[in-house]
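A.B. asks: Please find one structure pasted underneath; my questions will follow.
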Amino acid sequence: MQIEKNKVATIEYTLKNNDGDVLDTSEGNDPMTYIQGIGNLIPGLEDALAGKGVGDEVQVTIPPEKAYGLPDAELVQVVERNVFQGVDDLQVGMQFQAQSDQGTQVIWITDIEGDQVTIDGNHPLAGETLNFDVKVVDVRDASAEELDHGHVHGPGGHQH
Ligand code: ZN
């Protein structure tokens, strides 16, 4: 069976930036499962995995445009520290969920100068070229329920 739209694929992967630093890996963890073709993965990785089968190994370099996009300067803002009332030890690198008119958004604190806090709503990997090493370990049909929910059930997926 090959990876195509609405198949559940299980993959082992290692993600590196262009400096060769490992940003993420399934090594030492369970492999990742996802449903092809419904936006579970970044477009560049789905493109690279389409048509692959169990045992296939893929090396792919994905430009930001087909990964997490380019950084948007409008998503970077400086706010007053008192916006974070109730947070005891505010630090660079902290992550918060913010409500906006586009739904829930994850923001990061990227700088703190006195009472001025810089927040960034870009994905941490925005602007990065991503280098994936992937091995396909399983491919199966998605169930109607999985397609309905938009995520994988069972091992490596949602348990409910
Ligand atoms: Zn579900």
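The values are calculated or read from the model by the stated rules, or taken from the named source; none is laboratory data. Since this is a predicted model, take the numbers as computed values, not measurements. All Cβ positions, even for glycine, are placed from backbone atoms using ideal geometry, and neighbour counts span all protein chains on display. All accessible areas refer to the heavy atoms of the entire protein, side chains included, with ligands and DNA or RNA removed. Shrake-Rupley method; radii C 1.70, N 1.55, O 1.52, S 1.80 Å.
A.B. asks: Identify, among Ala98, Phe132, Gly150, the residue whose Cα sits farthest towards the positive end of the charge dipole of the chain, taking +1 on the Cβ of Lys and Arg and -1 on the Cβ of Asp and Glu, with the dipole about the Cα centre.
C.D. replies: Comparing the listed Cα positions along the dipole, Gly150 ranks first.
A.B. asks: Hey, in the GNM for the chain with a 10 angstrom Cα cutoff, which one of Gln59, Gln95, Gln36 fluctuates hardest?
C.D. replies: Taking springs between Cα atoms under 10 Å, the residue moving most is Gln95.
A.B. asks: Still on this structure, I have one more. Quick query: amide H of Asp138 versus all other amide H atoms, modeled in the peptide plane; which residues come in under 5 Å with a sequence gap of 5 or more or a different chain?
C.D. replies: Residues meeting the criterion, in which the H sits 1.01 Å from N, are Thr10.
A.B. asks: Excluding same-chain residues fewer than 8 positions from Lys16, which lysines have a Cα within less than 16 Å of its Cα?
C.D. replies: Partners within reach: Lys66, Lys135.
A.B. asks: Starting from the residue with the highest accessible area, list Ile119, Ile35 in decreasing order, probe 1.4 Å. Before the final figure, lay out the partial values.
C.D. replies: Numbers: Ile119 25, Ile35 0 Å².
Greatest to least solvent exposure: Ile119, Ile35.
A.B. asks: Report the antiparallel proportion of the DSSP beta bridges in the chain as a percent, rounded to a multiple of 5. Spell out each step's value before the answer.
C.D. replies: Numbers: 40 of 41 bridges.
The answer is about 100 percent antiparallel.
A.B. asks: Leaving out ligands and nucleic acids, note down the accessible area per residue over the chain with a 1.4 angstrom probe, in whole Å². Please report the intermediate quantities before stating the final value.
C.D. replies: Working: 9580 Å² over 160 residues.
That works out to 60 Å² per residue.
A.B. asks: Next question. Please give the contour-minus-distance gain from His160 to Val83: 0.36 nm per residue of separation, less the Cα-Cα distance, rounded to one decimal in nm.
C.D. replies: Working: separation 77, 0.36 × 77 = 27.72 nm, distance 3.62 nm.
Roughly 24.1 nm would be gained on extension.
A.B. asks: Name the residue farthest towards the positive end of the dipole of region 1-81 from the options Ile11, Pro63, Thr25, assuming +1 on Cβ of Lys and Arg, -1 on Cβ of Asp and Glu, about the Cα centre.
C.D. replies: So the residue we want is Ile11.
A.B. asks: While we're on this one: Given a Förster radius of 25 Å and the C-beta distance between Leu70 and His149 as r, what FRET efficiency does 1/(1 + (r/R0)^6) yield to the nearest 0.05? The partial results should precede the final answer.
C.D. replies: On the way: r = 31 Å, r/R0 = 1.23.
Approximately 0.20, to the nearest 0.05.
A.B. asks: Leaving out ligands, DNA and RNA, and with a 1.4 Å probe, what % of the accessible surface on the chain is carbon or sulfur? It would help to have the intermediate numbers written out before the result.
C.D. replies: Working: 4250 of 9580 Å².
So the carbon and sulfur contribution to the accessible surface is 44 percent.
A.B. asks: If you take every residue apart from Ala9 with its C-beta less than 9 Å away from the C-beta of Ala9, what net charge results, scoring Lys and Arg +1 and Asp and Glu -1?
C.D. replies: Working: positive: Lys7, Lys52, Arg140; negative: Asp138.
It works out to a net charge of +2.
A.B. asks: Taking the Cα centre of the chain as origin and charging only Cβ (+1 Lys, Arg; -1 Asp, Glu), how large is the dipole, in debye to the nearest 20?
C.D. replies: Numbers: 8 positive and 29 negative charges, 101 e Å.
Result for the chain is approximately 480 debye, rounded to the nearest 20.
A.B. asks: Placing unit charges on C-beta atoms (Lys and Arg positive, Asp and Glu negative, everything else neutral), compute the dipole magnitude of region 1-74 about its Cα centre in debye, rounded to 20. Write down the numbers at each step before the final one.
C.D. replies: On the way: 5 positive and 14 negative charges, 70 e Å.
It works out to roughly 340 debye.
A.B. asks: Here's something else I'd like to know. Given a cut-off of under 8 Å on Cα pairs at least six residues apart, what relative contact order in percent is computed for region 1-96? Show your work: numbers first, answer last.
C.D. replies: Values: 89 pairs, mean separation 23.3, N = 96.
Computed value for region 1-96: 24 percent relative contact order.
A.B. asks: Using a basic spin-label model with each label point 7 Å from the Cα along Cα→Cβ, how many nm lie between Gln97 and Asp138?
C.D. replies: Rounded to a tenth, the inter-label distance reads 2.8 nm.
A.B. asks: Additional query: Would you check the accessible area of Phe96, probe 1.4 Å, heavy atoms only, in square angstrom rounded to 10?
C.D. replies: 50 Å²
A.B. asks: Taking amide H atoms as placed 1.01 Å from N in the peptide plane, list the residues 5 or more away in sequence, or in a different chain, whose amide H sits under 5 Å from that of Gly127.
C.D. replies: Tyr68, Gly69, Leu70
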